[in-house]
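Scroll down for the structure; my scribbles are underneath it.
The values are calculated or read from the model by the stated rules, or taken from the named source; none is laboratory data. In this text, all values refer to a predicted model and were calculated from it rather than measured experimentally. Don't worry about glycine lacking a Cβ; one is built from the backbone with ideal geometry, like all the others, and counts go over all protein chains shown. Surface accessibility is based on the protein's heavy atoms, side chains included, excluding ligands, DNA and RNA. Shrake-Rupley method; radii C 1.70, N 1.55, O 1.52, S 1.80 Å.
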Amino acid sequence: LGASRWVMPLEMQRDDLAHLLQKRPPGLQTEVFAYGRMPLAFSARCFTARHYNLPKDDCRFSCIQHPDGLMLKTREHEEFLVLNGTQTQSARVYNLVDTLDDMRSLGVEVVRISPQATHTEDVVAVFDGGLTGAGHDQDNYLDYLGTVDDPAVTAFLTSLGTGSSITGSAWSIDVTVP
């Protein structure tokens, strides 16, 4: 049986990935985390339950009140980390939409998108356009914006190109690279 897919560590650099992919065994897929809050740590204790002084065995699913987690800020009021249930995540969103062509040329077969509480379908559409050549990638997604009627969604998609922080959640969508 053996492994069928490996996931590139978030801290790995592009050149190291390229080197590893040159020596990859046939049939072993490569997955790259391409969008969302970076998962940094896990705990056996639910941070959201602890925030509400609830025992972990009777948390009352209090995380439902915070679909994007609890934002932690520095003393200077800058966003620092997000506590999302048992997961510690980056406050800022990791976004590799502008590297899709490069990932494809390296041999990456799967990109992972961490869904957001809002606009996930629009993020998927931008990535899908970049993967299929439909013009929704980082360089051409303004064409896609012309097809969107909702001003809030248009503002959100425009922020993808500016490096703005966008909220995240603790599960993910795999998108196969054609």
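Give the residue that is least open to solvent (accessible area, probe 1.4 Å), with candidates limited to residues of the stretch 32-47 that are assigned to a loop (DSSP other than H, G, I, E, B) and not aliphatic (A, V, I, L, M).
46
So which residues in the stretch 55-69 are without any contact (Cβ under 8 Å) to a residue 40 or more places away in the chain, open to solvent by less than 80 Å² (accessible area, probe 1.4 Å) and either assigned to a loop (DSSP other than H, G, I, E, B) or of a type in the set (A, V, I, L, M) (or both), if there are any at all?
55, 59, 66
Exactly one condition in (1) hydrophobic (A, V, I, L, M, F, W, C); (2) under 16 Å from the mean Cα position of the chain (by Cα); (3) open to solvent by 20 Å² or more (accessible area, probe 1.4 Å); (4) at pLDDT 55 or above is not met by residue 123; state its number.
Unmet condition: (3).
Residues of the stretch 4-44 being touching a helix residue (DSSP H, G or I) at 6+ places or on another chain (Cβ under 7 Å), at pLDDT 90 or above and either farther than 15 Å from residue 95 by Cα or not β-branched (Val, Ile, Thr) (or both), which ones?
Across the stretch 4-44, the qualifying residues are 8, 17, 18, 21, 30.
Within the stretch 29-52, track down each residue that is out of contact with any Pro (no Cβ under 9 Å at 6 or more places or on another chain) and within 21 Å of residue 99 (Cα to Cα).
Step one: of the stretch 29-52, the residues out of contact with any Pro (no Cβ under 9 Å at 6 or more places or on another chain) are 29-32, 34-35, 37-48, 50-52.
Selection gives 29, 30, 31, 32, 34, 35, 37, 38, 39.
Is at least one residue of the stretch 78-94 farther than 20 Å from residue 117 by Cα and open to solvent by 70 Å² or more (accessible area, probe 1.4 Å)?
Yes: the stretch 78-94 contains one or more residues that are farther than 20 Å from residue 117 by Cα and open to solvent by 70 Å² or more (accessible area, probe 1.4 Å).
Residues checked against (1) in a strand (DSSP E or B); (2) over 30 Å from residue 128 (Cβ atoms):
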{"position": "6", "(1), (2)": "yes, no"}
{"position": "9", "(1), (2)": "no, no"}
{"position": "12", "(1), (2)": "no, no"}
{"position": "24", "(1), (2)": "no, no"}
{"position": "27", "(1), (2)": "no, no"}
{"position": "30", "(1), (2)": "yes, no"}
{"position": "49", "(1), (2)": "no, yes"}
{"position": "53", "(1), (2)": "no, yes"}
{"position": "71", "(1), (2)": "yes, no"}
